[in-house]
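Taken together, the values in this text are just the output of simple stated rules run on the coordinates, not laboratory data. Bear in mind that the values here come from a model prediction, so they are computed numbers and not experimental data. FYI the Cβ positions are ideal-geometry reconstructions off the backbone, even for glycines, and counts take in every protein chain you see.
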Amino acid sequence: MAKSVLACAVILICIMAFGEATTVVTPTDNGKPLVNPQMGWKLNFYSNILANYGSKLEPSDTLADFPGLACIYLRLPWSYIEPEEGKFDWSIVDAPAQRWIDKGLQVAFRFSVSESWMRYATPKWVADAGAKGYNFTVGKGVDDAGPFWEPDYADPIFLEKHEHFVAAAAARYDGNPNVAFVDVGSFGVWGEGHTFASSRLKYSADVVKKHIDLYTKHFTKTLLAANDDFSFQGDETIQYALEKGLTLRDDSILVQPPPNSYFHAAMAQQFWPKVPVILEHEHYQGSIARGAWNRDIFLRAIEEYHASYMCIHWFPREFLEKERELIDRVNKRLGYRLQLREATWPTQAKLSEGIRFESKWANAGVAPCYPGGFVAFTLKDAKDGIVGVFVNESFDVRGLAVAPPGEAAAQSTTSFNQFAPNIAVGKFNVFVSVGQRDGTPRMALPLDNEDGHRRYLLGKMELLP
């Protein structure tokens, strides 16, 4: 049962000039972290190497205490999934994925084809089938005696074999509501869109476009992500990704000390008004060791990229212990944060007259509320039973503007609804929510007194015959 509404809001009973009593509620943001669609912290459970970074977690440990954790990122080589042509083994991702899916969180994927620590990130059978590739040594580039193998990204045999894999992945994940996004990870070492730590070969922009096309052919529903480093093969690759409906991710910020903490915030400006931008920070301890870790710059990057996702790129328990204050600060700006500034309704209403709800809303985050949502006011009786649901379908929170910290302006909206002819009369609790057009709540709000279903108690009203 919800707590007293007085804990979360100021309630005023106003007597209007014509004698009608009106309840006005002015809630305050409770500062708590929110887990909502298309935003939040994401954990690199696999960071290419299987030991990084979920390996220290017990299978039962789903990081329930990590504030704002919304997504588990599974990034690993293709060869783990398809060790033999046409024979797929998804167990390496299914087990960790289900731990968090069971908790209502999402997962995301990258499947790489070149690594600087294992010879065949692309399965060996692809090379045996005649796909062209290069041995390389990290730091040297192409090297006949190099211990690692990278495919020629333009090779038709490689592209054909990889497309079969992408088609299999899309059969599982395209349109799957448990999947937040999938990276186009088939170009560059670690799937990062460059060859600096592998062959050091440069390709044309058209080759990168082929890889984008390969993914967009099979993933027609789930959000795809293009790496900012695709731009090293030509700036037109990023524009092409934008045109094809992809979002942008930056791997990684804070690799180098200031002033080279990150480079592509300007690139993100084309993307964030339309799709959620993804940031990943450098491996935490490596960033500290190089003198690159800077909390203020970390927060500045979120602001400048208008980031919706931020990656936990380290062992999460250690990161949480050492950076709790930073995490709490991030959670107040990352993605979107829907604030109810004021709500007004008649303290008493007659069945024959209907009811008017007025409310003021703001987005205190750095990004739009991409999924959108509609405000609903719900009446419940003393036994917590729902007796009335009133949705304002004329106002979509997707349209709330973003602004610098503390400067988000409130937008007012009003809806008038008739009562169902069979509704009971009596005294009811008034709840607010944001979600689907049918009144199903979807968004967590920074309010107290939640009913367990993302509806928030605001006050009371009485319905008269």
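Relative to the longest principal axis of the C-alpha atoms of the chain, give the angle of the C-alpha long axis of helix 91-101, reported between 0 and 90° and rounded to the nearest 10°. On a 0 to 90 degree scale, this one is about 20. Each principal axis of the chain carries a Cα extent, and these read 89, 45, 43 Å when sorted largest first. Based on C-alpha pairs under 8 angstrom that are at least 6 apart in sequence, the chain has a relative contact order of 15 percent.
Packing, taken as the mean count of other beta carbons within 10 Å per residue, orders the peptides 316-326, 276-286 from highest to lowest as 276-286, 316-326. Taking all Cα-Cα distances within region 303-396, those exceeding 21 Å account for 55%.
Cross-link check: pairs Lys32/Lys360; Lys56/Lys274; Lys32/Lys350; Lys202/Lys332; Lys221/Lys383; Lys32/Lys209 evaluated at a Cα-Cα cut-off of 30 Å; pairs beyond the cut-off: Lys56/Lys274; Lys32/Lys350; Lys202/Lys332; Lys221/Lys383; Lys32/Lys209. Once each part is reduced to its C-alpha centroid, what is the distance from region 135-180 to region 38-94 in angstrom? Using only Cα atoms, the two centres lie 18 Å from each other.
Computed from Cα positions, the angle between helix 295-305 and the longest principal axis of the chain comes to roughly 80 degrees.
For the chain, the 222 nm mean residue ellipticity estimated from helices alone, with every DSSP H stretch of n ≥ 4 adding -39500 (n - 2.57) and the total spread over all residues, rounds to -5500 deg cm²/dmol. For region 196-273, the spread of Cα coordinates along the three principal axes comes to 39, 34, 18 Å, biggest extent given first.
When you count the other C-beta atoms within 10 angstrom of each residue and take the mean per peptide, 229-242, 88-101, 32-45, 123-136 line up highest first as 32-45, 229-242, 123-136, 88-101.
Let a ≥ b ≥ c be the square roots of the eigenvalues of the Cα gyration tensor of region 238-384; is it rounded (a/c under 1.5), or, if not, prolate (a/b larger than b/c) or oblate? The shape class here is prolate. Averaged over residues, the count of other Cβ atoms within 10 Å places the peptides 445-455, 299-309 in the sequence 299-309, 445-455, highest first. Considering region 185-236, its Cα convex hull presents a mean projected area of 3.5 nm².
Between the Cα long axis of helix 156-173 and the first principal axis of the chain there is an angle of about 30°, rounded to the nearest 10.
Normalised by the number of residues in region 252-305, the average gap of Cα pairs under 8 Å and 6 or more apart makes the relative contact order 51 percent. For the pair region 310-373 / region 275-301, the C-alpha centres are spaced 24 Å from each other.
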